[in-house]
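The values are calculated or read from the model by the stated rules, or taken from the named source; none is laboratory data. All values derive from a computational prediction rather than experimental measurement. For neighbour counting, all protein chains shown are included, and Cβ atoms are generated from backbone atoms with ideal geometry for every residue, glycine included. Just so you know, the surface numbers come from the protein's heavy atoms only, side chains and all, with ligands and any DNA or RNA stripped out. Shrake-Rupley method; radii C 1.70, N 1.55, O 1.52, S 1.80 Å.
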Amino acid sequence: MSDKLKKFFQKKKADVKFKRAGPGHRLNEGATTAKTVTKPGETSRACRVEPTDEAKQAAAAALARFESKKTTTGPLNISLAAIKSRARKEMEAERKNVDQNIDTFTYSEEENTSAEVPRQLAASGIFFQCPMIGLEVLPQEEWHVKIEEFIKEQMKDDPILQSILLIQNCNHNRTKVEECIKLLVTYAENIIRNKDEEKYRKVRLTNKTFVEKVLPIKGAIEFLESIGFVRKRLMYQEQEEDFLVFPEECLCNLGSVQSSVDDLQTAERIQLVLDRNAQVLLPSQASKQVSLPPEFFIVSTTEIKAEHQKRTEKLESEMILKTKNMRMKEQNRYKSNYKYCLIRVKFPDCLILQGTFSVNEHLSDVLEFVKESVFDEERPFKLILSSGSTFGNEHENMTLSELNLVPTTVLLFTNDPPENNEEHPYLKDELMALVQ
């Protein structure tokens, strides 16, 4: 059983690598291809690798989101010269107006909507990819539905593995899942250790512990039934009740039961990968799209009930003199309310690259995102805070929360000019196409 579970995940991971490998080539194709002919007056660009299917799919999804939000009726001029010209004009206008600052974000929980004009959201939401299943970019809730459908379809001929994967992947309160798994393991091990005692082979379905810890978990009852339990009506305290009973004739299969329990405890989960939801903004767009959507915040029922109390405490707190350490502690407590953060990178041509990150991701993830987005990936670059501070190698393994880049920040992109003085856009063509 363990081997089958491992083979399932190995096959899916191999499929992911195959999808990411890009287009294939015939074995009889020559090592060299025809040279690209450059017309007179045109600038020759370095040979670039064909985007993978996954990259094309992500770009298509981003373009689809853009098309769904587009409100203009006339054709758009997205030529490089037009984009750069407009970005520079907007930057000149911004500099003349001291009161405006495109590097400033506001947070929707702090806005006074009755006194201000409603602002546009900086991101349309939080999106994910699931390489093991497909190349779509979807909200987390939609992936939960697709993962459950995927497991039921892929494992319809193997009820044990199907129930294990349902338990691990289709229940999103990990504490309750761990409690359920612990109880299921206890049921099975009691039978294995005490196979001659009938009381260990019966589970009453109305038992309080069973109702609270097993019944709400998807796949839990299916797991018990797949390893041999059957439903029966038995007498209990002078009345009939529903039980799950492990038949005596199944005691010869306890080796299979132990194997299934081991798989339940060690099964991998199907992982979702946070999509960067990359956007390229003009300065005027960046100055308007400043509010974070609700998905960026972690808000519990208790926090909602205590919101009024927190606002009262905030007013009282502002009237108290505090040391720098006290204020830092308060800021860190405030930042812990965020699950995701928005990073904007401003390029010298005035365009702004935006991406979504988890607060627990590292600075190295931001650097990798920028590297994959720029036209020339080989040229070294630096990201600088608007205050002028730079990041060293020691910062790359620190989380964005530890670097105080949560919930939003703007970083400045800088690099050395190209040696041949050829002028290229900073961003790749597929990202330049996202400029509205």
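Things to note:
- Listed by first and then second residue, the pairs with beta-carbon distance under 9 Å, at least 6 apart or on different chains, first residue in region 207-219 and touching a residue at least 40 places away in the same chain (Cβ under 8 Å) and at negative phi, second β-branched (Val, Ile, Thr) and in a helix (DSSP H, G or I), are Ile217/Ile167; Ile217/Val177; Ile217/Ile181; Lys218/Ile167.
- Number of residues in region 385-416 that are touching a residue at least 40 places away in the same chain (Cβ under 8 Å) and assigned to a strand (DSSP E or B): the value is 8.
- Region 151-173, residues that are open to solvent by 70 Å² or more (accessible area, probe 1.4 Å) and either part of a helix (DSSP H, G or I) or charged (D, E, K, R) (or both): Lys152, Glu153, Gln154, Lys156, Asp157, Pro159
- Inside region 352-404, residues that are of a type in the set (Phe, Trp, Tyr) and farther than 15 Å from Asn415 by Cα make up a count of 2.
- Ile192 fulfils the conditions (1) of a type in the set (Val, Ile, Thr); (2) touching an Asp or Glu at 6+ places or on another chain (Cβ under 7 Å); (3) closer than 19 Å to Ser163 by Cβ except for a single criterion, (2).
- Verdict on Gln140 being polar (S, T, N, Q), more than 17 Å from the chain's Cα centre (by Cα) and open to solvent by 10 Å² or more (accessible area, probe 1.4 Å): no
- Scanning region 399-426 for residues that are more than 18 Å from Leu342 (Cβ to Cβ) and modelled with pLDDT of 90 or more turns up just one, Thr414.
- Ala188, sole failed condition from (1) within 37 Å of the chain's Cα centre (by Cα); (2) of a type in the set (A, V, I, L, M, F, W, C); (3) closer than 16 Å to Glu241 by Cβ: (3)
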